[in-house]
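To start, the structure itself, in structure tokens.
The values are calculated or read from the model by the stated rules, or taken from the named source; none is laboratory data. Because the structure is a prediction, the values reported are computed rather than measured. Using ideal geometry, Cβ is built from the backbone for each residue, glycine included, and neighbour counts are taken over all protein chains shown.
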Amino acid sequence: MDTLQPVIKTENLNVVYNKKTSNEFWALQDINIKIYPKEYIIFFGPSGCGKSTLLNSIAGLETHIEGKVFVDDKDISTMNEDELAAFHRTRIGMVFQVYNLIPSLSVLDNVTLPQVFLGIHKGERTKRAKVYLERFGILAHADKIPTELSGGQQQRIGIARSLVNDPKILLADEPVGNLDSVSAVNVMELLNNLNKKEGKTLILVTHNPEHLVYANRIFYIKDGRIIREAINKDIRPETAIEEVERTEEVKKLGFEEKINKELEMLQRSFPGLTSTQLNMLLIPFKAKLLANYLLSDYEVDEIIRIENIVHDRLSGRISKEELRFKLDAAYEKGGAGLNSITAIRLGGVVENLIVKTEIIIKGRGGKDGLLMKNSKQGQPDFKAIWSQITQLRHSFIDPMKGDLTDRQIIRMESAIYNRLIGDFDKKSFYEMLDRPFEQGGVGLNKATAKKITRDLEMVMLLSYGF
């Protein structure tokens, strides 16, 4: 790496707003970084830390700069308007969280637009754009307008547009922030392939720790400063790709078939494991997913600390009261350093999910999972089953002060039952809750249906191994 010349370099970079006034604000302070050709770099940190400002400074979009920013040894702060415009057209491509597509233009015309500014002949620019549209699986939609397509498809259009002039550097600012988990994985893999297979220098801004496995190097940013640089010495191995895909598959399918197969494989490999031992093996993974479920804008070290505290709660090392105390305790004293209100809220979420999980565990028996057998006749004890289902339904609806009719209750309990035995997948369960009552659904509002679906998927995960 030392023999390479950096493609991007900053020297004592500061970004200051309202300088020498009472509301002076330093968005970036003393940033000195070097980024080399074909690297995958992530700027990571909570919202408002300065990571997008740093990306915009490299892109030549920030006007409050002190210090220097070099791209290919050219100080972009010295560029005139024409040089800066040429730089944006040919040297870099940008992908944003908001797709920034022109709704009055077709998909094809959106992608060809950067070529228009270069004076490329229509036939040539159309040919080039179609290559990217086909590659990203959206050629069939070339004549549609962007708003007719899904968010994931629109983001692929944005990426195609950013690449049509073949820039060597690609800047991506929270590119999957508005996407569902499946579309997010697709876009992240697309970006990764652009880096790994085509050698694009890629800089990604994110606050999602799940994305960190993609990068060669990670710059951790807090309060406008780089507080840490981490190097992925394995350059993101294939096992890391599989882990991210597996995690997203959990979100998509509710920890169903794939995880069941892995559990079966684990039990075959270690036939002497008891259910309790199996559960102990799974607790670190459960704690990681539950921590990610709870958190969004916390820093990595804070997430790890909270994850460890949740791990101790799931494994029974600490009580409900100790969980909340540790979440509230000062970081330097071994706690998570959250304020008391947040600690109570997060502790309450954990305990609420644990209560729901215990309902499922108590209702299990034998290979049929939830189906409790009548010991005398060897048949499912449906009275006992429905007692558990009713408890679950109360645990979901009562905190929301939900008021359901008798017919809605029947449909909701039936949906819970079908999800737990595997007749419904996550999507089918959500659609049943969300569908209007007159059309055969439960008739909940979308927010309530989403919250119940998300909670049920998590408690199903937490119940595995018991």
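For every residue, the table says whether it meets (1) at pLDDT 95 or above; (2) surrounded by 13 or more Cβ atoms within 10 Å (Cβ to Cβ); (3) not small (Gly, Ala, Ser).
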position	(1), (2), (3)
ASP2	no, no, yes
ALA27	no, yes, no
GLU39	no, yes, yes
GLY60	no, yes, no
ILE65	no, yes, yes
ASP73	no, no, yes
SER77	no, yes, no
LEU84	no, yes, yes
Handout entry: Matching residues in segment 430-454 - criterion: being under 21 Å from VAL350 (Cβ atoms) and either aromatic (Phe, Trp, Tyr) or surrounded by 19 or more Cβ atoms within 10 Å (Cβ to Cβ) (or both)
Key = ILE452, THR453
Practice task
Determine, yes or no, whether GLY45 is at pLDDT 90 or above and closer than 30 Å to ILE231 by Cβ.
Solution key: no
Practice task
Answer yes or no as to whether ALA140 is in contact with a helix residue (DSSP H, G or I) (Cβ under 9 Å, 6 or more places away or on another chain) and part of a helix (DSSP H, G or I).
Solution key: yes
Fill in the blank from the handout: Residue pairs within 9 Å by beta carbon, gap of at least six or interchain, first lying in segment 433-446 and closer than 11 Å to ARG407 by Cα, second of a type in the set (Asp, Glu) and surrounded by 18 or more Cβ atoms within 10 Å (Cβ to Cβ), listed first then second, are GLY441/ASP434; VAL442/ASP434; GLY443/ASP434
Handout entry: Pick from segment 106-135, criterion of a type in the set (Gly, Ala, Ser) and in a loop (DSSP other than H, G, I, E, B), ranking: surrounded by the most Cβ atoms within 10 Å (Cβ to Cβ)
Key = SER106
Handout entry: Odd one out for LYS427, checked against (1) surrounded by 13 or more Cβ atoms within 10 Å (Cβ to Cβ); (2) modelled with pLDDT of 90 or more
Key = (1)
Practice task
Quick one: which strands (runs of 3 or more DSSP E) lie wholly within segment 4-88 and hold at least 1 residues that are farther than 18 Å from ALA172 by Cα and free of Cβ contacts under 8 Å to residues at least 40 places away in the same chain?
Solution key: 25-31
Practice task
Check whether at least one residue in segment 163-180 is modelled with pLDDT under 90, polar (S, T, N, Q) and in a helix (DSSP H, G or I), and report yes or no.
Solution key: no
Exercise for the section: Of the conditions (1) at pLDDT below 85; (2) crowded, with 17+ Cβ neighbours inside 10 Å, PHE382 clears all except one; give me its number. Expected result: (2)
Completion exercise
Going through segment 136-152 in order, the residues found to be free of Cβ contacts under 8 Å to residues at least 12 places away in the same chain, exposed (fewer than 15 other Cβ atoms within 10 Å of the Cβ) and more than 17 Å from SER104 (Cβ to Cβ) are ALA140
Practice task
Given the conditions (1) in contact with a helix residue (DSSP H, G or I) (Cβ under 6 Å, 6 or more places away or on another chain); (2) not in a loop (DSSP other than H, G, I, E, B), report the number of the one that PRO103 does not fulfil.
Solution key: (2)
Handout entry: Flag for LEU170 being touching a residue at least 12 places away in the same chain (Cβ under 8 Å) and in contact with a Lys or Arg (Cβ under 6 Å, 6 or more places away or on another chain)
Key = yes
Practice task
Answer yes or no as to whether LYS20 is in contact with a strand residue (DSSP E or B) (Cβ under 7 Å, 6 or more places away or on another chain) and more than 29 Å from LYS196 (Cβ to Cβ).
Solution key: no
Problem - Residue tally, condition under 14 Å from GLY45 (Cα atoms), of a type outside the set (A, V, I, L, M, F, W, C) and part of a helix (DSSP H, G or I), over segment 196-217 - result: 3
